[in-house]
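Chemist: Input: one structure, supplied below.
The values are calculated or read from the model by the stated rules, or taken from the named source; none is laboratory data. No experiment lies behind these values; they were computed from the predicted model shown. With ideal geometry, Cβ positions are generated from the backbone for all residues, glycine too; neighbour counts draw on all protein chains shown. The area values use the complete protein model at the heavy-atom level, side chains included, leaving out ligands, DNA and RNA. Shrake-Rupley method; radii C 1.70, N 1.55, O 1.52, S 1.80 Å.
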Amino acid sequence: MDFYIIGKENKLASKVFKCASLLDTKVRFVLPGDKINTQHSDKYVCFVESTYLRSYSLYGLEKQSIIVLQQSISFEQECDYLRKGYRGVLQTDLSPQLIIDQLQVLSGNFELLFSRAALSKIASEYINKRVEESKPISVLTRKENQIVTYLHSGLQNKEIAKELAISPATVKTHVQRILKKTGAKNRTQILSKTASL
């Protein structure tokens with residue numbers, strides 16, 4: 001595992017660099033604005049001071065490889081970093097031994113470096129969203145169910161109108177109601193949300 005420590009000397013990054021230097025891993029200190037070449041390492045983690053996150057998104061670093069360095073962090077900030085897809089947060093107000101312990105965890109596996117509380121909150125949000133998505137669709141009328149069947153057959157509004165002996169404008173109205181009832185944004189989403197009907 002290669003570690004890239006990105007920040008200003010004698011700041012947060014410097015503290016992490018000193019701790020990482022004690023481990024059996026390659027550590028490179030990178031000043032803000034320097035190019036990073038991660039092509040030669042298949043496993044790497046970039047520690048980036050929070051004030052430099054925006055500039056390093058321009059370098060093509062993947063968020064899942066970035067650990068945010070921050071002096072102290074609120075619970076909501078930590079959850080926000082997790083939602084955005086970063087690999088973790090390392091609070092540099094920890095003792096050197098605790099920082100070394102966390103670095104050792106990272107060097108062994110592809111671990112996320114977030115508090116258990118933040119992981120639980122985001123997991124709970126994800127589960128609640130999935131439950132909401134899988135709730136039964138509002139009851140469609142008989143005509144709407146017919147139209148859904150025709151949509152699954154690949155028919156367009158004019159063709160459905162001809163099959164049901166109604167106007168294309170009426171079919172359009174039914175499709176709009178189906179969109180609203182299913183929470184779909186387009187016809188493709190209607191198909192996926194009604195696949196089990």
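Chemist: Of everything in the range 1-56, what is modelled with pLDDT of 80 or more and of a type in the set (Gly, Ala, Ser)? Give them in sequence order.
Modeler: 7, 13, 14, 20, 21, 50
Chemist: What is the residue count in the range 167-182 for residues that are touching a residue at least 40 places away in the same chain (Cβ under 8 Å) and not in a helix (DSSP H, G or I)? Before the answer, list the steps.
Modeler: Keep residues of the range 167-182 that are touching a residue at least 40 places away in the same chain (Cβ under 8 Å), which gives 181-182.
From the residues that got through so far, the ones that are not in a helix (DSSP H, G or I) too are none.
Selection size over the range 167-182: 0.
Chemist: Among the residues of the range 187-197, is any open to solvent by 90 Å² or more (accessible area, probe 1.4 Å), touching a residue at least 40 places away in the same chain (Cβ under 8 Å) and assigned to a loop (DSSP other than H, G, I, E, B)? Reasoning before the result, please.
Modeler: Within the range 187-197, the subset open to solvent by 90 Å² or more (accessible area, probe 1.4 Å) is 188, 196-197.
Narrowing further to those that are touching a residue at least 40 places away in the same chain (Cβ under 8 Å): 197.
Right, trim to assigned to a loop (DSSP other than H, G, I, E, B) and you get 197.
Yes - at least one qualifying residue is present in the range 187-197.
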